[in-house]
Structures are given as C-alpha cells and as structure tokens.
Amino acid sequence: MNPESQLKKLNHLLDIDQLTREDILYIFEFTNKLESILKRAVRKVPVLRGKTIINYFSEPSTRTRVSFENAGKILSADVINMSSSGSSDEKGESLLNTVETLESIGANLLVMRHYDSGAPYFVARNINIPIINAGDGSHAHPTQNLIDLYTVYKQVGDIDGLNLTILGDNIHSRVARSTTLGFSEMGANITFCAPPTMDAKYLSNHSTDFEGVHWPKVTYTHDIKSAFNNADLIMVLRTQFERKSNLVFPNINEYTRMFKLNEEVLGYAPKNVRILHPGPMNLGVEIDGYISNSDKTLIKQQVKNSVSIRMALLLILIGDYSLDSI
Ligand code: CP
C-alpha cells in the first residue's frame with residue numbers, strides 16, 4: 001500500500017508508532033509543499049473552511065497550542081482554544097462528558113494535551129472525531145517527534161545511521177519516548193544519558209510495553225563523555241520539576257554540574273554535532289543560554305517547522321492531502 005492510501009486509514013494520531021518510515025517520508029514531502037503557503041504575502045488557503053478544530057489543553061503549552069492554532073487558521077479552519085482552567089473541568093466534569101460536549105458543539109477534530117498518560121487513547125475509543133495527541137502525561141508527544149525528525153531531515157539529511165544522544169530527564173519525558181520510537185523507525189541509534197535515577201527503565205532494550213509496543217534498542221550511560229563521543233545529534237530534555245514524583249537527584253546544583261550541556265562538555269562531541277531541544281528550556285539547568293543560541297542548535301528551526309508539520313497533520317486527518325492538492 002502506498003503511504004498516501006495508508007495515511008487515509010489514519011483516524012487519529014496518538015503516537016508515532018502508528019506511522020511507518022514511508023508514511024513519515026510522505027508527511028515530510030507534503031509538509032515541504034505546504035511551506036510554500038507560508039512564504040506567500042497572504043498566508044491563508046481555504047482548504048479547511050467550514051471545519052472546526054478545538055484545542056483542548058489540560059496542561060500548559062506555548063509552542064504546541066499556538067502552532068496548532070496558527071496552522072488551523074492558515075488553512076481557514078475555525079479554531080477554538082479551551083483550557084481546563086476556567087472550564088467545567090474545574091467543576092468536576094468527567095473527561096468523557098467534556099469531550100462528548102465538544103463533539104456535540106461541532107468539533108471536527110480535537111487537539112488534546114492531557115496530564116494523564118493514555119487519556120487521548122481513552123477519548124479516541126469513545127468519540128467519533130479524530131484526536132491528535134498533543135502530549136499526554138509522560139507517555140507520548142508524536143507531533144513534536146515529527147517536527148524534530150523533519151528538522152533533522154532538512155538540516156542534516158538522511159537520519160538512517162545517525163547517532164542521537166538524549167541528554168537529561170528521560171524518565172518523565174513523553175518526548176523521550178516518542179523520540180525513541182520515531183528516530184529508531186528512521187534508522188538512528190539512540191543513547192540515553194542521565195543520572196541513574198532518571199533512566200526510563202521501561203524503555204529497556206527490546207521489551208514490550210503495556211500497549212504491546214516493541215521497544216527498539218536503547219543504550220544507557222551515565223557518562224556524558226562516552227555519550228557524546230560519536231554523537232551526530234544531542235537532544236537536551238527539560239528537567240520536569242512539575243512531574244518529579246520522587247527525588248531523582250539530591251539537588252539541582254549537583255545535577256547541573258554533572259549533566260548540563262555547556263561549552264566544556266560539548267567539547268567531547270564531534271565538531272559538527274547538532275543540538276535539539278523540544279522546549280521549553282530551563283536555561284542554566286539542562287543547557288547554558290550561550291549554547292542554546294549557538295549556531296550548532298536547531299532549536300529555532302524546530303519551532304519554525306512546528307507550523308507546517310501541524311498543517312500537514314490537520315489536512316491528513318480532516319482534509320485533502322494529496323501532493324497535487326496544494
Ligand atoms: N515542546 C512543547 O510541547 O512545548 P510546549 O509545552 O510549549 O507546547
């Protein structure tokens with residue numbers, strides 16, 4: 001089956017393991033075409049006119065929510081933003097009643113961020129409109145992963161065979177999980193570097209998780225020097241203080257001293273290494289401000305690509321997305 005017809009069967013985007021390498025490359029090709037719209041004087045096309053997208057977020061977000069809103073508006077959809085805060089969530093309404101209400105109001109698609117891992121899966125089973133998982137607890141963030149893959153594909157080239165080191169708080173990170181699945185599907189080798197207490201042991205080599213996902217090989221190290229030695233890419237992860245269910249390091253100074261990306265430790269990596277960070281960054285904790293602005297980083301490109309990738313995903317789920325349609 002060709003990727004275009006395979007993607008027609010995609011009812012929701014819940015995690016990156018729903019997509020094959022061929023699907024991902026097709027999404028890149030389509031995204032690349034959509035970027036021509038962003039270069040026009042009037043950045044608006046009528047392809048989703050009459051469709052209503054609701055961004056339903058129960059956790060804070062800047063990049064994901066604003067880029068989905070911008071993507072929907074460029075495609076002429078009506079976009080409604082809703083946060084748990086200020087909604088009937090605060091009066092105790094159940095998740096199911098909330099999303100059924102949004103469906104009845106006329107949503108054609110829900111973009112959903114939720115603090116509970118698995119919440120978008122539950123919703124997808126219970127309502128009849130497409131769901132895009134915009135980050136669920138510490139489980140998955142598939143659209144961020146597509147953005148990161150696309151950024152590397154554009155700026156570095158073929159991902160097959162690249163060595164990616166994921167530095168920092170992987171145990172709480174939905175990005176780490178989706179990154180592992182997506183970059184492995186594209187042929188990259190993954191190394192996690194973190195304090196032992198921050199190792200996501202559930203991503204142990206070749207195990208199968210509660211959803212039956214078969215995990216690719218991951219190398220774990222606590223030694224930043226060996227983690228950077230052969231790295232083509234370093235992805236720095238935010239230290240998720242808000243999710244710290246138990247103490248994962250004695251104090252922040254010790255963590256920063258041993259695992260922060262600064263000029264000194266960057267010297268362990270090859271000269272042409274490129275740096276990713278999904279954001280938001282805790283400057284001075286997991287990465288130095290100076291490094292975050294250096295020409296080695298792809299961080300601004302990641303944010304820029306978030307609009308076109310999300311335009312592509314909206315069209316795949318509720319529009320026409322053949323390569324000739326744009
Ligand atoms: N990367 C990411 O999801 O950022 P936001 O939380 O700002 O959306």
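Computed from the coordinates by the stated procedures, all read-outs in this text should not be read as laboratory data. Just so we're clear, the structure is a prediction, and the values are computed from it rather than from any experiment. Counting neighbours? That spans all protein chains shown, and the Cβs are built from the backbone with ideal geometry, glycine included.
Can you spot the lysines whose alpha carbon is less than 17 Å from K271's alpha carbon? Ignore those fewer than 8 places along the same chain. Cα-Cα hits under 17 Å: K225, K296. Extending 7 Å from the Cα toward the beta-carbon at both H214 and K304 defines two label points whose distance is 3.9 nm. Backbone phi angles across the range 300-314, fed through the Karplus curve with coefficients 6.51, -1.76 and 1.60 (θ = phi - 60°), yield HN-Hα couplings of 5, 5, 4, 5, 4, 6, 5, 6, 5, 4, 6, 4, 4, 5, 4 Hz in residue order; Gly and Pro are listed as x. Amide H to amide H distances under 5 Å link H141 with S178, where only residues 5 or more positions off or on other chains count and H is placed in the peptide plane.
With the gyration tensor restricted to C-alpha atoms of the range 142-302, the semi-axes of the equivalent ellipsoid amount to 21, 20, 14 Å, longest first. The lysines within cross-link reach of K73, meaning a Cα-to-Cα straight distance under 17 Å and a gap of 8 or more places when in the same chain, are K39, K44, K51, K304. Working note: Karplus 6.51/-1.76/1.60 with θ = phi - 60° gives the range 284-294 the couplings x, 9, 9, 8, 6, x, 4, 5, 5, 9, 6 Hz, where Gly and Pro are set to x. When you count the other C-beta atoms within 10 angstrom of each residue and take the mean per peptide, 180-186, 192-198, 57-63 line up highest first as 180-186, 192-198, 57-63. Each residue of the range 80-95 was assigned a 3J(HN,Hα) from its phi angle through the Karplus expression (A = 6.51, B = -1.76, C = 1.60, θ = phi - 60°), giving 10, 9, 9, 10, 4, 5, x, 9, 6, 3, 6, 9, x, 5, 6, 4 Hz with x at Gly and Pro. Rg then Dmax, both in Å and based on the Cα atoms of the chain: 19.4, 56.
Taken along the Cα-to-beta-carbon direction at a fixed 7 Å, the label points for S36 and N2 span 1.8 nm. Both radii come from the Cα set of the range 213-326: Rg as radius of gyration, Rh as Kirkwood radius; their ratio Rg/Rh reads 1.07. The range 13-36 and the range 78-99 have their alpha-carbon centroids 30 Å apart.
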